[in-house]
Amino acid sequence: MKTFRPRTKSLRKTAIVTYRGVLSTNKPKKSLTTGFSRGSGRNSFGRITSSHRGGGHKRAFREIDFSMQKFNIPAKVETVEYDPNRSGFIALICYKDGDRRYTLLPKGLKVGDEIIVSEDASLKIGNRLPLRKTPVGTFVFNIEVEPHGGARIARSAGIYAEVVANNDGQTHLKMPSGEIRKVSENAWASIGAVSNEEYKHRNLGKAGRSRWLGIRPKVRGTAMNPVDHPYGGGEGRQGRGTKRPKTRSGKITGGRKTRTPKKYSNNLIVERRKHKETK
């Protein structure tokens, strides 16, 4: 992490990720980038569904290959790059047939290293193989839910899942949250953990850096008018005035279960994630 001398109030607690010595270039490959328009928290009708989002620096979207279906062809890491659209670093890999693609960079992989996607791949960091070929206790990331469906699990900075069992055509994975769930043993996963594990320790330090990231100020409900929030209105400081805590749209929160009781994946969860006990 990079810290600063407290020359200003905002720099006193600022801590950001160090890129020097990690990234190999600051320019993405143009053929693998596209422009895109962010919705700023709005749905197709233009109504705000996610609050305090908007603005931010202009970004180019990097096309990440989450399926990685080029089998038995070795690939070499050409560059390690920063991606403004995700927390982990990405790598530009070049396959032996000349094809270049972006992929998530695992912790410990550097420029010049080789990876391969194969059923007979070794348990080397960055290699990708089916979960049935992965021994118990192995850390994996970029995990598919269905075979050849593209990675869906463990894709953010510093994250990994642990293989805890293989039986009856299913692989049991221990998620970062502590939840243990079943995934098809024919699904593919990469060995290791996602890079940039220091991301969770960063401290933005000032409001301006939040605005650069597209995060707008969050206003307390009690400071709003009655038309804008269930807690709004009143003279001076007022209590919320409702029996149960509510969101801006009036939905009950604070301890209420939000998971659908008949969700399709309920039978795939072996052990629920741990919740903090409230006193």
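Applied to the range 196-203, the Karplus parametrisation 6.51 cos²θ - 1.76 cosθ + 1.60 on θ = phi - 60° returns per-residue 3J(HN,Hα) values of 6, 5, 7, 4, 6, 9, 5, 10 Hz, with x for Gly and Pro. Full extension of the segment from D228 to K9, taken as 0.36 nm per residue of separation minus the current Cα-Cα distance, would add 75.5 nm.
Both radii come from the Cα set of the range 78-205: Rg as radius of gyration, Rh as Kirkwood radius; their ratio Rg/Rh reads 0.97. Legend: ranking of residues M175, M224, M1 from fewest to most surrounding C-beta atoms inside 10 Å; resulting order M1, M224, M175.
Across R244, R42, R155, mean-square fluctuation computed from a Gaussian network of the chain (C-alpha pairs under 10 Å connected) peaks at R244.
Which of rounded, prolate, oblate describes the chain, given a ≥ b ≥ c as roots of the alpha-carbon gyration tensor eigenvalues and a/c under 1.5 marking rounded, otherwise prolate only if a/b is larger than b/c? The shape class here is oblate. Computed over the chain, the per-residue total of -39500 (n - 2.57) for DSSP H runs of n ≥ 4 gives a 222 nm mean residue ellipticity of -500 deg cm²/dmol, rounded to 500. Taking GluC sites (Glu not before Pro) across the range 180-247, the ones in a DSSP loop with at most 12 further Cβ atoms lying within 10 angstrom of their Cβ are E235.
In the structure shown, the pairs K133/K182; K174/K274; K70/K107; K13/K206; K27/K110; K110/K200 are assessed against 19 Å; a Cα-Cα span above that value is assigned to K70/K107; K110/K200. Looking at the range 117-183, the GluC sites (Glu not before Pro) that sit in a DSSP loop and have at most 16 other Cβ atoms within 10 Å of their own Cβ are E119, E179. Sparsely packed loop sites in the range 33-112 (the chymotrypsin sites (Phe, Trp or Tyr not before Pro) outside DSSP H, G, I, E and B with at most 11 other Cβ atoms within 10 Å) comprise F36, F45.
Amide H to amide H, with H built 1.01 Å from N, I159 comes under 5 Å of V194, counting only residues 5 or more places away or on other chains.
Annotation: extensible slack from T18 through R256 equals 81.7 nm (criterion: 0.36 nm per residue apart, minus Cα-Cα distance). Legend: P(r) of the range 22-120 from all alpha carbon pair distances, 5 Å bins from 0, whole percents, reading 2, 12, 20, 19, 15, 11, 9, 6, 5, 1.
Where a number appears in this text, it was derived from the coordinates with a stated rule and is not lab data. Everything numeric in this text was worked out from a predicted model, so none of it was measured. Don't worry about glycine lacking a Cβ; one is built from the backbone with ideal geometry, like all the others, and counts go over all protein chains shown.
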